[in-house]
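The values are calculated or read from the model by the stated rules, or taken from the named source; none is laboratory data. Quantities reported herein were computed from a predicted structural model and do not represent experimental measurements. Here the Cβ positions follow ideal geometry from the backbone for every residue, glycine too, while neighbour counts run over all protein chains shown.
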Amino acid sequence: MTEMLVTTAIIAMLAALLLPTLGRSKAKANRIKCLNNLSTIGKALTMYGHDFEERLPWQILEPQQRVQLGSKWSDFTLAPGAIFSLPPMVREIGNAKVLLSPCDPERAVFNEKAEAMWGELDPAQNKILPDDAISYLLIEGGDLARPTTVLAVTRNISDCDLRQARWVGADEEPVID
């Protein structure tokens, strides 16, 4: 009986030592997946730019806006839902799961709905992704002519203007939407 208690105690101590390590490993894996998602988004934006005279979606000219977005849009903003719903972006991104960071679980339910409507997206028909299904923000200053500029970031940033933005910690108020 004593041997059983000692064995159980040893197993409990080993588990106590290993659980924090496993938690850190899972967090690191989530950050790596988030970085891969950002890479895919960056590649999709770059491919879009190559198809539209080196202009990113928020830089296209008014005639291109009408073709891409239909007549219901008077101005192309940085609304991620609209940009990620553009047919060239949908093709390059592949599926809505790329737009969900594993570090942003509160958007998972909305992202599942986005996944269901992925094949029907068309901003010209006002069929766009809901912004709350997307874990990433687009940076207005992003520019393909300046390859070192940032195109997209996770939502844990205080502002889309990177000149005044800072990274928001986990113990702070929710990030911008």
Checklist outcome for this item: Matching residues in the range 123-162 (at pLDDT 85 or above and of a type in the set (D, E)) number 2
Checklist entry - Can you tell me which residues in the range 109-138 are in contact with a Pro (Cβ under 8 Å, 6 or more places away or on another chain) and hydroxyl-bearing (S, T, Y)? => result Y136
Item to check | Hits in the range 115-145 (condition: touching a strand residue (DSSP E or B) at 6+ places or on another chain (Cβ under 8 Å), buried (at least 16 other Cβ atoms within 10 Å of the Cβ) and either part of a helix (DSSP H, G or I) or among the hydroxyl-bearing types (S, T, Y) (or both)) | outcome: S135, Y136
Item to check | Subset tally (residues that are farther than 23 Å from K26 by Cβ, touching a residue at least 12 places away in the same chain (Cβ under 8 Å) and part of a helix (DSSP H, G or I)) for the range 87-114 | outcome: 8
Checklist entry - List, please: which pairs have Cβ atoms under 6 Å, are six or more places apart or on different chains, and start with a residue in the range 19-32 that is at pLDDT 70 or above and end with one that is not basic (K, R)? => result N30/P102; N30/C103
Item to check | L100 vs. criteria more than 13 Å from the chain's Cα centre (by Cα) and at pLDDT below 95 | outcome: no
Checklist entry - Got a sec? Which of L69, L45, L35 is at pLDDT 85 or above, under 21 Å from G119 (Cα atoms) and among the aliphatic types (A, V, I, L, M)? => result L45
